[in-house]
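A.B. asks: Just passing along the structure, written as structure tokens.
The values are calculated or read from the model by the stated rules, or taken from the named source; none is laboratory data. Please read all numbers here as calculations on a predicted model, not as lab measurements. With ideal geometry, Cβ positions are generated from the backbone for all residues, glycine too; neighbour counts draw on all protein chains shown.
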Amino acid sequence: MGHVVTRGFLVSLAVLLVLLSAAAAAEQPLVGSVGPVGLTVSDLERSAGFFTEVLSFEPVSEFEIAGEDVERLHGVFGVRARVARLRLGDEEIELTQYLAPEGRPFPVDSRSNDGWFQHIAIIVRDVERAYRHLREHRVRHASPGPQRLPDWNPNAGGIEAFYFKDPDGHALEILAFPPGKGDPKWHVPGPRLFLGIDHTAIVVRDTDSSLRFYRDLLGLRVVGTSENYGPEQERLNGVFGARLRITALRAVGGPGIELLEYLAPRDGRPYPEDARANDLLHWQTDLATSDAAVAERRLRDRDVRWVSPGSVAVDDAALGFPAGLLARDPDGHALRFVVRPAPDELASREVRAP
């Protein structure tokens with residue numbers, strides 16, 4: 001009898017351990033780190049030159065991609081593309097020029113409250129000095145000039161920022177945090193003017209809906225919130241009457257993702273339903289996950305919009321990951337889930353960004 005009881009106990013214990021292990025796995029964040037952030041460009045040499053010569057990015061690698069795995073991953077048939085990876089500080093971007101098939105140009109009448117809006121926030125040591133540097137290189141303005149957000153706003157007060165555009169029309173931001181705000185690494189003394197990428201910002205229609213996706217499904221942490229309005233914010237964004245609900249999120253590693261909900265005006269256009277990865281309005285944010293099959297299952301459970309047919313095994317080692325998938329968030333922004341190891345320890349960061 002004792003032998004039977006022991007066997008039953010061990011079976012029960014084994015079942016319990018399996019259930020606990022499954023529950024623990026389910027509670028693990030789906031996304032371990034963010035980045036690089038990628039954008040589609042029309043001329044790789046021109047864009048790489050802009051980021052390296054004007055913004056002090058450093059080349060990491062350059063390669064071509066083609067083949068069925070690339071077509072399935074990015075949802076574009078007959079692909080041949082050139083890719084350049086660039087680094088600024090600890091963060092990287094990925095520029096992709098589609099040699100075939102070419103996509104559509106950037107919409108010339110884009111505004112900062114349109115649903116396809118996305119930018120990267122480049123941290124600088126001194127906004128006025130960085131702005132003079134950008135003027136010397138004749139960058140295209142999106143803001144009339146640098147803006148200092150007012151002190152009455154506890155989370156954003158004292159932040160200085162300026163919006164401008166790359167050669168294809170993608171929005172970029174230079175930003176400087178005052179003492180006590182932003183990651184401590186942005187305040188370490190040094191000679192460099194351009195320091196790194198703090199976050200990528202995206203326009204969303206409804207913050208709560210986006211939080212159910214980015215926080216509850218993907219496991220990103222909310223690290224800061226703010227409601228920004230007034231003449232400084234209007235001029236920064238180039239949108240009259242702009243009033244924004246801003247929510248900053250982070251994974252364990254990499255730059256943050258910032259949700260920009262325009263409470264006013266609410267006349268921004270939605271992300272085009274027929275947009276593809278070779279169109280110049282395309283940005284994609286890489287999200288590192290340790291298991292492509294788990295990522296695919298969780299995304300399918302939430303009825304996420306797919307670009308890839310599912311998880312795709314990648315043959316080309318130059319891409320830097322063995323499997324991935326491309327999907328869209330509730331507003332249409334492209335997210336490329338890639339298999340990479342999670343960072344070893346949790347970063348302790350608190351962000352207060354416009």
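A.B. asks: Just checking, how many residues over the stretch 35-56 are within 22 Å of residue 202 (Cα to Cα) and not in a strand (DSSP E or B)?
C.D. replies: Looking only at that region, the number is 4.
A.B. asks: So in the stretch 86-121, with the set limited to residues that are buried (at least 21 other Cβ atoms within 10 Å of the Cβ) and among the β-branched types (Val, Ile, Thr), which one is nearest to residue 314 (Cα to Cα)?
C.D. replies: So the residue we want is 96.
A.B. asks: Suppose we filter the stretch 253-271 for residues that are within 30 Å of residue 28 (Cα to Cα) and in contact with a Lys or Arg (Cβ under 9 Å, 6 or more places away or on another chain); how many remain?
C.D. replies: 5
A.B. asks: Whether any residue in the stretch 201-217 is of a type in the set (Ser, Thr, Tyr) and within 25 Å of residue 320 (Cα to Cα) is what I want to check.
C.D. replies: Scanning the stretch 201-217, I find at least one residue that is of a type in the set (Ser, Thr, Tyr) and within 25 Å of residue 320 (Cα to Cα), so the answer is yes.
A.B. asks: What are the residues in the stretch 159-187 that are part of a loop (DSSP other than H, G, I, E, B), touching a residue at least 12 places away in the same chain (Cβ under 8 Å) and surrounded by fewer than 18 Cβ atoms within 10 Å (Cβ to Cβ), if any?
C.D. replies: 167, 169, 178
A.B. asks: Another question, if that's okay. Could you check how many residues of the stretch 74-103 are free of Cβ contacts under 8 Å to residues at least 40 places away in the same chain and either closer than 30 Å to residue 190 by Cβ or not assigned by TED's automatic domain parsing to the domain that holds residue 47 (or both)?
C.D. replies: Qualifying residue count, the stretch 74-103: 2.
A.B. asks: Of all the residues that make up the stretch 298-337, how many are within 17 Å of residue 200 (Cα to Cα), touching an Asp or Glu at 6+ places or on another chain (Cβ under 9 Å) and basic (Lys, Arg)?
C.D. replies: Residues in the stretch 298-337 being within 17 Å of residue 200 (Cα to Cα), touching an Asp or Glu at 6+ places or on another chain (Cβ under 9 Å) and basic (Lys, Arg): 1 in total.
A.B. asks: Now, a different point. Could you list, in sequence order, the residues of the stretch 214-257 that are surrounded by fewer than 16 Cβ atoms within 10 Å (Cβ to Cβ) and free of Cβ contacts under 8 Å to residues at least 12 places away in the same chain?
C.D. replies: Within the stretch 214-257, 216, 231 qualify.
A.B. asks: Against the condition modelled with pLDDT under 95, more than 25 Å from the chain's Cα centre (by Cα), farther than 30 Å from residue 138 by Cβ and in a helix (DSSP H, G or I), how does residue 26 come out, does it pass?
C.D. replies: no
A.B. asks: Go through 83, 124, 70, 76 for me and flag whichever is touching a Phe, Trp or Tyr at 6+ places or on another chain (Cβ under 6 Å), more than 24 Å from residue 183 (Cβ to Cβ) and surrounded by 14 or more Cβ atoms within 10 Å (Cβ to Cβ).
C.D. replies: Only one candidate qualifies: 83.
A.B. asks: A further question on this structure: Given the conditions (1) buried (at least 23 other Cβ atoms within 10 Å of the Cβ); (2) in a helix (DSSP H, G or I); (3) not aliphatic (A, V, I, L, M), and given that residue 132 satisfies all but one, which numbered condition is not satisfied?
C.D. replies: For residue 132, the exception is condition (1).
A.B. asks: Follow-up. Among the candidates 237, 278, which residue alone is touching a Ser or Thr at 6+ places or on another chain (Cβ under 8 Å) and over 20 Å from residue 123 (Cβ atoms)?
C.D. replies: 278
A.B. asks: Checking residue 297 against (1) in a helix (DSSP H, G or I); (2) under 20 Å from residue 332 (Cβ atoms): exactly one of these is not met. Which one?
C.D. replies: The one condition residue 297 does not meet is (2).
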